[in-house]
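The values are calculated or read from the model by the stated rules, or taken from the named source; none is laboratory data. It should be emphasised that the depicted structure is a prediction, and the values quoted were computed from it without experimental measurement. For neighbour counting, all protein chains shown are included, and Cβ atoms are generated from backbone atoms with ideal geometry for every residue, glycine included. Side chains are part of the model used for accessible areas, which takes the heavy atoms of the whole protein and leaves out ligands, DNA and RNA. Shrake-Rupley method; radii C 1.70, N 1.55, O 1.52, S 1.80 Å.
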Amino acid sequence: MINIFGSVVIFLSFNFVKLEVSPNFRKCINDFFYQKTAPKLKRLVGSTQICQRLENLYYYATDYDTTNRIPYYSAYTLSFDRCGNRYNGWFVEPQLATKNDPSMVKINRANNNVAAFGSKQAVNVDYTGSGYDRGHLNPQLYHCYSEDSRKATNTLTNIAPQVPSFNQGIWNRFETTLYDISKKYCNFVGARRYFITGVLPSKNRFMGNGRVNIPDHYWTAVCCDSSGANDALRNEGWSAGFLGENVHNSSIFIYSIQNFLPTTSPTLFADYTDQNGNTVKNCLFNPTKADNIINEIASTDVRYIKEKTSLFRRVCKAVYNGACYFVRVFG
């Protein structure tokens, strides 16, 4: 396609990815949310629900903040497959620019399209030279089953500004750790893995000439759903929450799901009632297993901090610079 501005000819290469703005996720609620129920978050302003679709398949769901031009959260599931090459293109969403085109658009030279696409969403020019990474909420790492599934994560509606050392450092390590833990403890017959990754917007930090909010924190909640398993495995499900500050030298705080984000969301995962009338809240099928998994994760890196932790680990977190060589004297 050719656009002509005066005597300047700009060649743009467009790819189209089907995406649907879908109120209350009605087109994909059954696919990416535990018990077919979206989380209940407080104080959502400018909230737009998107079913992220490429070709004829839905890959995940995003609740997008059109005021701050960042996602509130993305909801997705995890499969265990060998990953191919990383996809590096980026997409924008015409439907958030009051256009009727239902297809997400990839533009190789998108910096001149702020007026066309940027009224309610971030565009490439907002990130160029900003000093912030394009931080995935739904990571490519968790979508290894096809190239299209990885490609679908690279829409700017799934992206928020992330401090580079946080994104490429402890948050990247955390994503890998949670993948490995899920493969170890939620890979039995009948298990299904639900994830919600979101951000907590800052009050007054913006980039892109004040257009795009820079979030204070990134968070993830995981649900290992065992309701579809048989016999004893039906009680092997677990859940947990994780929170990282969007700063240099950050840490990941680990929470039991019942104590996670209490002021932001009273319910991340819906109640489930089994055939015997027993109610499982917040996907916490097996609280003991959840506690053991939290302890195991916390033991793998000093920057993983349990919600209620020792003074020693808090001191290590505060002064962490690559080495905590002190003898442990506080338990």
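Residues of region 178-187 being touching a residue at least 60 places away in the same chain (Cβ under 8 Å) and either part of a helix (DSSP H, G or I) or surrounded by 14 or more Cβ atoms within 10 Å (Cβ to Cβ) (or both), which ones?
Once the filter is applied, which keeps residues that are touching a residue at least 60 places away in the same chain (Cβ under 8 Å) and either part of a helix (DSSP H, G or I) or surrounded by 14 or more Cβ atoms within 10 Å (Cβ to Cβ) (or both), region 178-187 yields Leu178, Tyr179, Ile181, Ser182, Lys183, Tyr185.
Do we have any residue at all in region 63-73 that's within 18 Å of the chain's Cα centre (by Cα), surrounded by fewer than 18 Cβ atoms within 10 Å (Cβ to Cβ) and either modelled with pLDDT of 90 or more or not hydrophobic (A, V, I, L, M, F, W, C) (or both)?
Taking every residue of region 63-73 in turn, at least one turns out to be within 18 Å of the chain's Cα centre (by Cα), surrounded by fewer than 18 Cβ atoms within 10 Å (Cβ to Cβ) and either modelled with pLDDT of 90 or more or not hydrophobic (A, V, I, L, M, F, W, C) (or both).
Looking at region 182-208, which of its residues are under 17 Å from the mean Cα position of the chain (by Cα) and of a type in the set (Val, Ile, Thr)?
Selection gives Ile196, Thr197, Val199.
From (1) assigned to a strand (DSSP E or B); (2) within 30 Å of Lys184 (Cα to Cα); (3) modelled with pLDDT of 95 or more; (4) of a type outside the set (Val, Ile, Thr), pick out the condition that doesn't hold for Tyr59.
Result: Tyr59 passes all but (3).
Limited to region 64-86, what total is found for residues that are of a type in the set (D, E, K, R), touching a helix residue (DSSP H, G or I) at 6+ places or on another chain (Cβ under 8 Å) and at negative phi?
Looking only at that region, the number is 1.
If Gly135 meets every condition in (1) modelled with pLDDT under 90; (2) in contact with a helix residue (DSSP H, G or I) (Cβ under 6 Å, 6 or more places away or on another chain); (3) not in a loop (DSSP other than H, G, I, E, B) apart from one, which number is that one?
(1)
Which one is farthest from Gly131 (Cα to Cα) among residues in region 195-210 that are in a strand (DSSP E or B) and open to solvent by less than 20 Å² (accessible area, probe 1.4 Å)?
Checked region 195-210; the qualifying residue farthest from Gly131 (Cα to Cα) is Phe195.
Scanning region 240-295 for residues that are out of contact with any helix residue (DSSP H, G or I) (no Cβ under 8 Å at 6 or more places or on another chain) and part of a helix (DSSP H, G or I), which turns out least open to solvent (accessible area, probe 1.4 Å)?
Step by step, filter region 240-295, then rank; the result is Ile294.
Quick check on region 113-133: of everything there that is open to solvent by 40 Å² or more (accessible area, probe 1.4 Å) and more than 12 Å from Gln162 (Cβ to Cβ), which residue is nearest to the chain's Cα centre (by Cα)?
Filtering region 113-133 for residues that are open to solvent by 40 Å² or more (accessible area, probe 1.4 Å) and more than 12 Å from Gln162 (Cβ to Cβ), the one nearest to the chain's Cα centre (by Cα) comes out as Lys120.
Cβ-Cβ below 8 Å, separation at least six or inter-chain, first residue in region 147-161 and assigned to a helix (DSSP H, G or I), second open to solvent by 10 Å² or more (accessible area, probe 1.4 Å) and among the acidic types (Asp, Glu): which pairs?
Close Cβ pairs satisfying both conditions: Asp148/Glu55.
Just to be sure I understand, how many residues within region 157-177 are open to solvent by less than 10 Å² (accessible area, probe 1.4 Å) and under 13 Å from Asn249 (Cβ atoms)?
3
Of the residues that make up region 211-228, is at least one open to solvent by 20 Å² or more (accessible area, probe 1.4 Å) and in a strand (DSSP E or B)?
Yes.
Take the conditions open to solvent by less than 10 Å² (accessible area, probe 1.4 Å), at pLDDT 95 or above and more than 30 Å from Lys203 (Cβ to Cβ) and apply them to Gly237. Does it pass?
So Gly237 passes the test.
Applying the selection to region 28-52, what residues are in contact with a helix residue (DSSP H, G or I) (Cβ under 8 Å, 6 or more places away or on another chain) and either within 24 Å of Asp126 (Cα to Cα) or acidic (Asp, Glu) (or both)?
Thr48, Gln49, Ile50, Cys51, Gln52
Quick check on Leu243: is it at pLDDT below 95 and touching a Leu at 6+ places or on another chain (Cβ under 8 Å)?
In short, no.
Take the residues of region 62-98 that are among the charged types (D, E, K, R) and assigned to a strand (DSSP E or B): which is farthest from Ile214 (Cα to Cα)?
Asp63
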